[in-house]
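Participant: Before I ask anything, here is the structure I am working with.
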């Protein structure tokens, strides 16, 4: 392919990919976000592409963030013990990424585990 065709194809592909979130939001608003139709009982119903993206991209990154956060927590432990912020540091560095990685349903936006 020549340079013009390659550039045109790349531009068309990028424009199409940039339009996907807007299209997904419109579809979600039109169909609602409830499986039962009852506004008191709302359940996230993620699409297949959201589940695949979550499985392939988000979960490995969140598991890595949990591991890196655990290492950072152990390194910062002497300082957080002195300041009294061990609980807050542990929650921010280990618990929150771990909850999003292991408790949240596949493709969902929010975690179903709300224990504080």
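Participant: Could you work out how much longer the chain between residue 67 and residue 103 gets when fully extended? Use 0.36 nm per residue separation minus the Cα distance between them, nm to one decimal. Mind showing how you got there, number by number?
Facilitator: Details: separation 36, 0.36 × 36 = 12.96 nm, distance 1.58 nm.
Going from the current span to full extension adds 11.4 nm.
Participant: Right, something else. What is the gain in length, in nm to one decimal, between residue 79 and residue 3 on full extension, counting 0.36 nm per residue of separation less the C-alpha to C-alpha distance?
Facilitator: Numbers: separation 76, 0.36 × 76 = 27.36 nm, distance 5.62 nm.
The span from residue 79 to residue 3 would gain 21.7 nm if fully extended.
Participant: Sticking with this structure for a sec: Sort segment 46-116 into rounded, prolate or oblate with this rule: let a ≥ b ≥ c be the square roots of the eigenvalues of the Cα gyration tensor; rounded if a/c is under 1.5, and if a/c is not under 1.5, prolate when a/b is larger than b/c, oblate otherwise.
Facilitator: Details: a/c = 5.21, a/b = 2.18, b/c = 2.39.
Judged from the Cα gyration tensor, segment 46-116 comes out oblate (a/c at least 1.5, b/c at or above a/b).
The numbers here are math on the coordinates, done by the rules we state, and not lab data. Owing to the predicted nature of the structure, the values given are computational and were not obtained by experimental measurement.
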